[in-house]
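K.L.:
I am attaching a structure below and will ask some questions about it afterwards.
Derivation of every value follows stated rules applied to the coordinates shown; laboratory data play no part. A quick note: this is a predicted structure, and the numbers were derived from the prediction, not measured. Neighbour counts run over all protein chains shown; Cβ positions are idealised from the backbone, glycine included.
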Amino acid sequence: MNMTRRTALRNIAIAGAAVSVAPAYLSRAQASALAEGGGGYPYRLPDLPYAVDALEPAVDAMTMQIHHGKHHAGYVKKLNAALADFPEHAERPLEELLQDLPSLPEAIREKVRNHGGGHWNHSLFWTSLSPVSFELRGRLAAAVETSFGGSDSLVEKLKSSGLQVFGSGWVWLTVKDGGELVIETTANQDTPLMHGHRPLLGMDVWEHAYYLHYQNRRAEYLEAVLRQIHWPAVNQRYLRTLGVEG
Ligand code: MN
């Protein structure tokens, strides 16, 4: 067998493997998407929709383990602790609390902002990433074409905006009230929900998301992780904002 044919057969085998793996992965992601929105009190750490090393080399296993198992777990624990003595607020949906922080007693307002935001943001983040490569398709692709001139240009803008975040924070693709798509950033664990925008995609640019592997090279991290976006999940969120089921 000549090399070309062998390479071709191997590529077919890889493509076949990807096809047979994808449905199982997608159903896990869909199951895990149930955790989007953070669940209810007492909050629990959602499972990752893939193995801790599944996103290597973009995200190394140790970073994933610490990020999910320590940082995210910490937000969940502290959010539960903050709400423990406030049952009337504990029973409200997390999104409602984040959308209306002034309705919370001062004693827990900042805790819910930071730890509730942390829990909500990371729950979205894990389900926004994929070990399998996807292209942006569907209704969101058309909207992104209109707003940003295509998905490559969107990714480029997410990267440059993520680089501009000073200190810890997030870069987002969100939908405004009138349906307009915007790229925006937030500091710390603040979420666009706080000013009435609906996040479709959030990229964590805290150093804890990349420092072990990339040290100070945030641009390299962003380039790599932006290639791992679960576009079908992001499109599905967009369809939900339009009142259409994906
Ligand atoms: Mn994080």
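K.L.:
Tell me the label-point distance for the pair D47, N80, using the 7 Å Cα-to-Cβ offset, in nm and rounded to one decimal.
P.N.:
Roughly 1.8 nm, to one decimal.
K.L.:
How are the alpha carbon pair distances in region 102-246 distributed across 10 Å bins from zero to the largest one, expressed in percent?
P.N.:
For region 102-246, the pair-distance distribution reads 11, 42, 34, 11, 1.
K.L.:
Turning to a different aspect of this structure: Round to a whole angstrom and tell me the spacing of the C-alpha centers of region 58-111 and region 185-246.
P.N.:
Each part reduced to its Cα centre gives a spacing of 18 Å.
K.L.:
Please enumerate, by chain and number, the lysines with C-alpha under 25 Å from the C-alpha of K70, excluding those fewer than 8 residues away in the same chain.
P.N.:
The qualifying lysines are K78, K111.
K.L.:
Return an integer: the convex hull volume of the alpha-carbon atoms of region 106-169, in Å³ per residue. Intermediate results must be reported in sequence, preceding the final value.
P.N.:
Working: hull volume 8.8 nm³, N = 64.
Cα-based convex hull of region 106-169, divided per residue, equals 138 Å³.
K.L.:
If you add up the charges near A81, with Lys and Arg at +1 and Asp and Glu at -1, over every other residue whose beta carbon is less than 15 angstrom from its beta carbon, what do you get?
P.N.:
Spelling it out: positives minus negatives among the neighbours equals +4.
K.L.:
Oh, and also: Lysines near K157 by alpha-carbon distance under 25 Å, same-chain residues fewer than 8 away left out - which ones?
P.N.:
K176
K.L.:
Give me the net charge of T63's neighbourhood, meaning all other residues with Cβ under 14 Å from the Cβ of T63; Lys, Arg count +1, Asp, Glu -1.
P.N.:
-3
K.L.:
Going by amide H atoms built from the backbone, whose H comes under 5 Å of the H on L200, apart from near neighbours?
P.N.:
L173, T174, V175
K.L.:
What is the local net charge at V205, summed over the other residues whose Cβ is closer than 11 Å to its Cβ (Lys, Arg +1; Asp, Glu -1)?
P.N.:
Details: positive: K159, R218; negative: D204, E207.
With Lys, Arg at +1 and Asp, Glu at -1, the net is 0.
K.L.:
Ok, one more. For region 41-58, take each phi angle, set θ = phi - 60°, evaluate the Karplus expression 6.51 cos²θ - 1.76 cosθ + 1.60, and give the result in whole Hz per residue in order, putting x for glycine and proline.
P.N.:
For region 41-58, the Karplus curve yields 6, x, 6, 10, 5, x, 5, 5, x, 7, 5, 4, 9, 5, 9, 5, x, 4 Hz.
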